[in-house]
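Visitor: Take this structure, written in structure tokens, and hold onto it; I'll ask about it next.
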Amino acid sequence: MKYLYEHIDTVKIRPSLYVGSSRISDLYIYLNGYQTALRDLKFTEKTLLPLPFWFFHEYVAQKFDYYESTSGWCNMILDQVEHDEQKGFNLFYLLFDEFKKLKIDKSFLAYIGDSQRKFHFSDKAPKKLIGYDLNAREPLFKDPLKVYYVRLSNLKKYNGYIAIVQNSDEYILERKIFRDEKDVLNYFKSYFGNDIFNWQTYNVENINFDELN
């Protein structure tokens, strides 16, 4: 996220040069295009922090006590300022500065055993769709080895939790910030059963997704 976050800070200084205005709706459209360009050029980060920008939807939702983040950060922010585009633009940057300060406060690791793997590949665990056939489904994780959950905090004492599953060749981040520890543990139980994990403290300031072991 280094490239994107540095560019967002640059836009703040001269929004008319990049976006053409100081309207939050225009900024939203512009940033969507910029992210698409980064993906096409394969600019990807290999660490958990800074968080991928799509977590910003979740951060704003929790900040203003929305049940879910599906309306998107732009609409949620506009709701707070009576749809004043300029005020929304300014509020975006206040929230973005908070979001960038999120740090790993605590983290935990557990290994997936035979019973958890058996549950995950059984009909009891949720499955993901394959294409557009509602009857074609497969397990969400192809070769789960470890699970992690991370508590995030910033200077304003914000707490939220991130869930991560490590396959044999990649890390999978759930695109959600869980509100409390119970929620993130229930997420793992839904995929791996109640016979779940011997959690151990995992002391790390960041997680490098290239360091699979």
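Visitor: Find which of 34, 134, 206 sits farthest along the positive direction of the dipole of the chain, computed with +1 on the beta-carbon of Lys and Arg, -1 on that of Asp and Glu, about the Cα centre.
Guide: Of the options given, the answer is 206.
Visitor: Just to be sure I understand the model, the point goes 7 Å from the Cα along the line to the Cβ. What's the resulting residue 208 to residue 79 distance in nm?
Guide: That separation, rounded to one decimal, is 4.1 nm.
Visitor: Give me a comma-separated list of calculated 3J(HN,Hα) values for segment 138-147, in order, Karplus coefficients 6.51, -1.76, 1.60 applied at θ = phi - 60°, integers in Hz, x for any Gly or Pro.
Guide: Those phi angles translate into 8, x, 5, 10, 7, 8, x, 10, 9, 10 Hz.
Visitor: Find out how many positive minus negative residues lie around residue 179, taking Lys and Arg as positive, Asp and Glu as negative, among other residues whose Cβ is under 12 Å from that of residue 179.
Guide: Details: positive: 63, 151, 176, 182; negative: 58, 65, 68, 180, 181, 183.
It works out to a net charge of -2.
Visitor: Here's something else I'd like to know. Would you mind pulling out the separation of the Cα centroids of segment 76-99 and segment 157-213, in Å?
Guide: Taking the Cα centre of segment 157-213 as reference, the centre of segment 76-99 is 30 Å away.
Visitor: Sticking with this one: Dimensions of segment 41-130 along principal axes (Cα, Å, largest first)?
Guide: 54, 33, 27
Visitor: Here's a follow-up. Past the 29 Å Cα-Cα mark, which pairs from 87/128; 146/176; 2/146; 63/142; 101/146; 63/189? Before the final figure, lay out each step's value.
Guide: Numbers: 87/128 40 Å; 146/176 19 Å; 2/146 27 Å; 63/142 34 Å; 101/146 27 Å; 63/189 26 Å.
Among 87/128; 146/176; 2/146; 63/142; 101/146; 63/189, the Cα-Cα distance tops 29 Å for 87/128; 63/142.
Visitor: For a bin width of 5 Å, list the pair-distance distribution of segment 91-138 built from all Cα-Cα distances, rounded to whole %.
Guide: For segment 91-138, the binned pair fractions read 4, 14, 11, 11, 9, 10, 12, 17, 9, 2 percent.
Visitor: At 37 °C and 0.692 mPa s, what whole-number value in µm²/s does Stokes-Einstein give for the translational diffusion of segment 57-213, with Rh from the Kirkwood sum over Cα pairs?
Guide: On the way: Rh = 17.5 Å.
Calculated translational D: 188 µm²/s.
Visitor: Using 1/(1 + (r/R0)^6) with R0 = 35 angstrom and r between the beta carbons of residue 136 and residue 111, what's the FRET efficiency to the nearest 0.05? Can you show the working numbers first?
Guide: Numbers: r = 30 Å, r/R0 = 0.87.
Efficiency, rounded to the nearest 0.05: 0.70.
Visitor: Assuming R0 = 45 Å, what is the FRET efficiency of residue 190 and residue 32, from their Cβ-Cβ distance, to the nearest 0.05? All intermediate terms of the calculation are to be shown ahead of the outcome.
Guide: Working: r = 31 Å, r/R0 = 0.68.
It comes to 0.90.
Visitor: Let me ask something else about it. With the other protein chains left in place, how much accessible area per residue, in square angstrom, belongs to the chain at a 1.4 angstrom probe? Walk me through the numbers on the way to the answer.
Guide: Numbers: 12220 Å² over 213 residues.
Ligands and nucleic acids excluded, the result is 57 Å² per residue.
Visitor: Give a residue-ordered list of calculated ³J(HN,Hα) values for segment 8-25 (Karplus: 6.51 cos²θ - 1.76 cosθ + 1.60, θ = phi - 60°; whole Hz; x for Gly, Pro).
Guide: Once θ is set to phi - 60°, the couplings for segment 8-25 become 4, 5, 5, 4, 4, 6, 9, x, 5, 5, 9, 9, x, 6, 10, 9, 5, 5 Hz.
Visitor: Go through 39, 117 and list them by solvent-accessible area, largest first, probe radius 1.4 Å.
Guide: 39, 117
Visitor: With just the Cα atoms of segment 36-81, tell me how far they stretch along each of the three principal axes, in Å, largest first.
Guide: Cα extents, longest axis first: 34, 21, 16 Å.
Visitor: Which ³J(HN,Hα) values in Hz, rounded to whole numbers, follow from the phi angles of segment 159-168 under the Karplus curve 6.51 cos²θ - 1.76 cosθ + 1.60, where θ = phi - 60° and Gly and Pro get x?
Guide: 10, x, 10, 10, 9, 9, 10, 9, 7, 5
Visitor: Follow-up question, since we're still on this one. Tell me the relative contact order for the chain as a rounded percent, counting alpha carbon contacts under 8 Å between residues six or more apart.
Guide: Numbers: 284 pairs, mean separation 44.3, N = 213.
Relative CO of the chain lands at 21 percent.
Visitor: Still on this model: Which length gain, in nm to one decimal place, applies between residue 168 and residue 41 when the Cα-Cα distance is subtracted from 0.36 nm times their residue separation? Write out the running numbers ahead of the final one.
Guide: Working: separation 127, 0.36 × 127 = 45.72 nm, distance 2.57 nm.
Computed gain between residue 168 and residue 41 is 43.1 nm.
Visitor: For residue 140, enumerate residues with amide H under 5 Å from its amide H, sequence gap 5+ or separate chain, H modeled in the peptide plane.
Guide: Residues meeting the amide H criterion: 128.
Visitor: Hey, what's the Cα Rg ratio for segment 173-213 versus the globular rule of thumb, 2.2 N^0.38 Å?
Guide: Working: Rg = 12.3 Å, N = 41, 2.2 N^0.38 = 9.0 Å.
Here the Cα radius of gyration is 1.36 times the empirical estimate.
Visitor: Amide H of residue 105: which non-local residues (sequence gap of 5 or more, or other chain) have their own amide H closer than 5 Å, using H built in the peptide plane?
Guide: Those qualifying (amide H under 5 Å, at least 5 residues apart or on another chain) are 151, 152, 153.
Visitor: Another question, if that's okay. Would you mind giving the three semi-axes, in whole Å and largest first, of the ellipsoid equivalent to segment 123-169 according to its Cα gyration tensor? Write out the running numbers ahead of the final one.
Guide: Working: eigenvalues 189, 42, 15 Å².
Taking √(5λ) for each Cα gyration eigenvalue gives 31, 14, 9 Å.
The values are calculated or read from the model by the stated rules, or taken from the named source; none is laboratory data. What you see is a predicted model, and the numbers here were worked out from it, not measured in a lab. Here the Cβ is made from the backbone with ideal geometry for all residues, glycine too, and neighbour counts use every protein chain on show. Note: accessible area is taken over every heavy atom of the protein model, side chains too, but ligands, DNA and RNA are not part of it. Shrake-Rupley method; radii C 1.70, N 1.55, O 1.52, S 1.80 Å.
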